[in-house]
Structures are given as C-alpha cells and as structure tokens.
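The next block holds one structure in the form of structure tokens; read it before the comments.
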Amino acid sequence: MSTHAEVFPPLDEPEAPPAVRPRRRMPRAALVTAVVLAVAAAYYFWPTGSTAPSGYVTAAVDRGGIEQSVNATGSVNPMTIVQVGTYVSGPIQAIDVNFNSQVKKGQRIAKIDPAPFAVKVREAEANLKNVQAKVVGDRADLKLKKLLLERNRVLLRRELIAQNDVDTAETTYELAAAQLALDGAAVAQSQASLEEAQVNLGYTDIVSPVNGVVVSVSVAVGQTVAASFQTPTLFLIAGDLTKMQVDTNVRESDVGRVREGQHATFTVDSYPGQPFHGKIAQVRNAPITVQNVVTYDVVVAVDNPELELKPGMTANVSITTAKRDQVLRIPVRALRFHPEGDKAEKSGKTAKKKEEKTEKKEKKEKKEKKEKQKKEENTVYILAPDGTLRRVEVEVGIRDNQHVEVLSGDLHEGDEVVVGSRREDTDAGASGQRPPGFHGLKRL
C-alpha cells in the first residue's frame, strides 16, 4: 500500500517591520509662520474674563498752560431793541418801511389817518378864540366898573349920593375883576386843549425813536389800531447791529467765578468752527428759575462789523474764568486714582467705626470723613522704580478738562504720576469693542 505524503501549505511568517523613513526637517519659513499665527490667535481669542498683567498707567508731570472756563448757552440779541407802538387809535393810512429797512431817529415809519385829529384841533382853536373874546369883553366891563366906582366916590365926598351907591359900585367892580380872572383861566384851559389836540395830531405820524434796523413789522395798511387800554406793538427796531450781545444762562454753581471784563468765546450753528470773541459786560443779579433750576443772565458784549451775527441765534459760550501759562501741571485723572487695597481698608474701617460709635460721634466722624475726602482729592501717587507707590499730598489750583495746576507738593517736572491701573484699562477694553477684523470663531 502506497502512501502519499500530505502537502501542507507554508506557515505564515511575520511581516518585516516597515523601514524607518528619515525625519524631514521643517523649513524655517514654516516655523516662523506657525509662531506668528500662534501669537495672533492668542491675541484675538484671549478670553474676555482673563486678567491682564498687573501694573499701572502713568503720566509725566510737565509744564504748560491751563485755561479754566465756564460753559453756557444763550442767544444773540441786539444791545438795543425798541418796541414801537401808537399813542392814538385809528386806521393805518401809510407804511413807509419794511423788514430790514435802515431808519434814522425821528424818521416817519407809518401814518395813522389824521382827519379826526385835525377836526379836534380846529374845534380847540375855536374854543380858544371864544374865551379870548370873552376876556376882551371882561376887560372893557371892568374898566367901566372902575370908572363908575371912582365917580361915585367923588360924589360921596360932595355928599351928592348915599354911601349905599358907592358900596354897590365897589361890589360891581370886584365882580367884574373876578369874571376877568375866570375867563383868563378858561383861556389857559382852552390853550391846553388845543395843544393836546395838536399833540394827538402829531402822534398820527409814527416815527423811529432810535437809529437802527426794522426787524419786525406787525401791521398793514388799512388795519385799525386801538390804543385805548394797551399800546399795540407795530414795529420792532433794533439798534446798531454792529454791536451785539449774548444773553447766556449760567448755572448758580458756576456764576461765582464769572466777573465783568473776562474774555468769552462762542460759536453759532450758522458758522460751524468759526469762533467769535467778546467780553463779559454784565452779570445780572436777577435769578431765572425754570423747574427748580436757577440760572443767571450773563451778558457778553461782542462786535459784529460784518453783520454775520443775527438776532436770535443760539450761541454756545465758553467763558474763561482763569488762565495760567507755563505752570507745573498733572493730569486730572491722577487725583482720581486710589489703590484698591487702600480703598478696601478704608471702607472696612469706616463700616466698623459706624457700628461702634454713637450718633453724636457719627456726626463728628462724618465731618472728619469730609475733611479726609477733601484731603484725598489732593493726593497723587508716584510709581517708584521698584514698582511701589509713593503717596504725595499736593495743593492744586485751577483746572481744565485735562490738567490741574500744582501749587505746592513734592512733585517735580518729569515725575511719573499714576493715572490708572492696567487691569482696569484691560477690563474696560475687553468688555468693550473687539479688535478690528475679529468676527468670532466659525462652527465646523
């Protein structure tokens, strides 16, 4: 029996490990690009709640000018404006001027129908002539009565007439003298009536009381005006428009710093960017109260040679109350800065003291707190080279929106005063706008 050998398949042998590829070096340009992208990503995608490196923002103490000012609003008005009306009533017969007409003092600008007033004048003239004629008759009668009295006295001395006749003649003479005096008074009265009628006739010509420009006309030809109870305003005449004034409303908290003669600058909407200059002419003491807000009228005199300013324009006024040149100054922000630890410690101590002290002591504490707060307002901090803060008390003078004058204190030009914390600046920036070009992460 023949046997056949079985044929077995070859056993699986383990595969040879893959050949190790040589490591390729990253090009230098690609490495630089990766670093730049990483830095940019860290900048753009930094979490908003992260804390920036601690530190302080400082500003240098320098010398320069400081201009303290008071801001207010007002309106441009002529220095003189006259309301022209009428003293008599009647229909308007003629109008001789119009808007913007130049007028002279005494020039006729309108006329009321004079016919009824002319009649009054003739009537008064007739009455005057009547009483004047009576006076002439009274003088003749008085002369006759005087002659009779004298004749009777001669006859009485000769005993040709009785005493009664003399007494009667004397009485008659005195009555004639009284009648002459009475008619003389009537003449004066009639003369006054005539003058009144002539004055009223003259008032039918409405004239300008000043040299100026007509800014308003409130009447037309044919219109009847009545001056019985209140004189109607027919025209508004502004004085010399080359001299104007700005009536400003200054708050009561600022009016104490305003004085006559101070310089003022203002702008109007009609000429944006063009400043006009003037001086304080008057600080009026009459208060103006609107909704419990008290203001005072401060008058600014300004020249207007080109007639650019017109009545009624709204003016934004800045009054220079104090000015210093080349003084030692610091930023206003330096007075507002206080370290956070100092604030927390003070608030904790104040709260603890309030709990322990009585009401009487609390009043004293409030007073001390106000004094301390006032003292803190005149305190700045200097950043030392080792990063510590040094407290400096200063005496300040005038201030503007950016700088405050340093009158005394251990500060010198070039010192670095702290105006804020970097953490505060970073948080403010993080909670505000994103860097330009950032649009957030896209969802994949």
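The values are calculated or read from the model by the stated rules, or taken from the named source; none is laboratory data. Just so it is clear, the structure is predicted and the values come from calculations on it, not from any experiment. A quick note on method: Cβ atoms are made from the backbone with ideal geometry, for glycine too, and the neighbour counts reach across all protein chains shown. When the accessible area is computed, the model is the full protein with side chains, heavy atoms only, and any ligands, DNA or RNA have been set aside. Shrake-Rupley method; radii C 1.70, N 1.55, O 1.52, S 1.80 Å.
Being within 12 Å of ALA315 (Cα to Cα), open to solvent by 30 Å² or more (accessible area, probe 1.4 Å) and either out of contact with any strand residue (DSSP E or B) (no Cβ under 9 Å at 6 or more places or on another chain) or not polar (S, T, N, Q) (or both) is true for just one of SER253, SER270. Which residue is that?
Checking each option against the conditions leaves just SER270.
Among the residues that make up region 165-182, is at least one of them touching a helix residue (DSSP H, G or I) at 6+ places or on another chain (Cβ under 7 Å), part of a helix (DSSP H, G or I) and within 25 Å of ALA126 (Cβ to Cβ)?
Yes: region 165-182 contains one or more residues that are touching a helix residue (DSSP H, G or I) at 6+ places or on another chain (Cβ under 7 Å), part of a helix (DSSP H, G or I) and within 25 Å of ALA126 (Cβ to Cβ).
Mind listing just one residue for me: the one in region 112-143 that is in a helix (DSSP H, G or I) and touching a Phe, Trp or Tyr at 6+ places or on another chain (Cβ under 9 Å) and, of those, nearest to TYR87 (Cα to Cα)?
PHE117
Among the candidates GLU395, GLU359, single out the residue that is exposed (fewer than 11 other Cβ atoms within 10 Å of the Cβ) and either modelled with pLDDT under 85 or in contact with a Pro (Cβ under 9 Å, 6 or more places away or on another chain) (or both).
After ruling out the rest, the residue left standing is GLU359.
Farther than 15 Å from ALA186 by Cβ and free of Cβ contacts under 8 Å to residues at least 60 places away in the same chain: does that describe ARG153?
yes
Given the criterion without any contact (Cβ under 8 Å) to a residue 60 or more places away in the chain, over 30 Å from LYS129 (Cβ atoms) and of a type in the set (Gly, Ala, Ser), identify the matching residue among ALA181, ALA162, ALA177, ALA185.
Sole residue among the options that is without any contact (Cβ under 8 Å) to a residue 60 or more places away in the chain, over 30 Å from LYS129 (Cβ atoms) and of a type in the set (Gly, Ala, Ser): ALA162.
Can you tell me which residue in region 196-231 is farthest from the chain's Cα centre (by Cα), limited to those that are open to solvent by 60 Å² or more (accessible area, probe 1.4 Å) and without any contact (Cβ under 8 Å) to a residue 24 or more places away in the chain?
So, considering only residues that are open to solvent by 60 Å² or more (accessible area, probe 1.4 Å) and without any contact (Cβ under 8 Å) to a residue 24 or more places away in the chain, the one farthest from the chain's Cα centre (by Cα) is VAL199.
With respect to ASP247, is the statement that it is at pLDDT below 95, surrounded by 13 or more Cβ atoms within 10 Å (Cβ to Cβ) and acidic (Asp, Glu) true?
So ASP247 does not fit the description; no.
If a residue must be in contact with a Ser or Thr (Cβ under 6 Å, 6 or more places away or on another chain) and touching a residue at least 60 places away in the same chain (Cβ under 8 Å), how many such residues does region 118-150 contain?
Of the residues in region 118-150, 3 are in contact with a Ser or Thr (Cβ under 6 Å, 6 or more places away or on another chain) and touching a residue at least 60 places away in the same chain (Cβ under 8 Å).
Which residues, counting only those in region 313-333, are crowded, with 20+ Cβ neighbours inside 10 Å and not hydrophobic (A, V, I, L, M, F, W, C)?
ARG329, PRO331, listed by residue number.
Taking region 284-299 on its own, how many of its residues are open to solvent by 40 Å² or more (accessible area, probe 1.4 Å) and either at negative phi or among the β-branched types (Val, Ile, Thr) (or both)?
Adding up the residues that qualify gives 9.
Determine, yes or no, whether VAL302 is under 14 Å from GLY74 (Cβ atoms), of a type outside the set (Ser, Thr, Tyr) and open to solvent by less than 30 Å² (accessible area, probe 1.4 Å).
Yes, satisfied.
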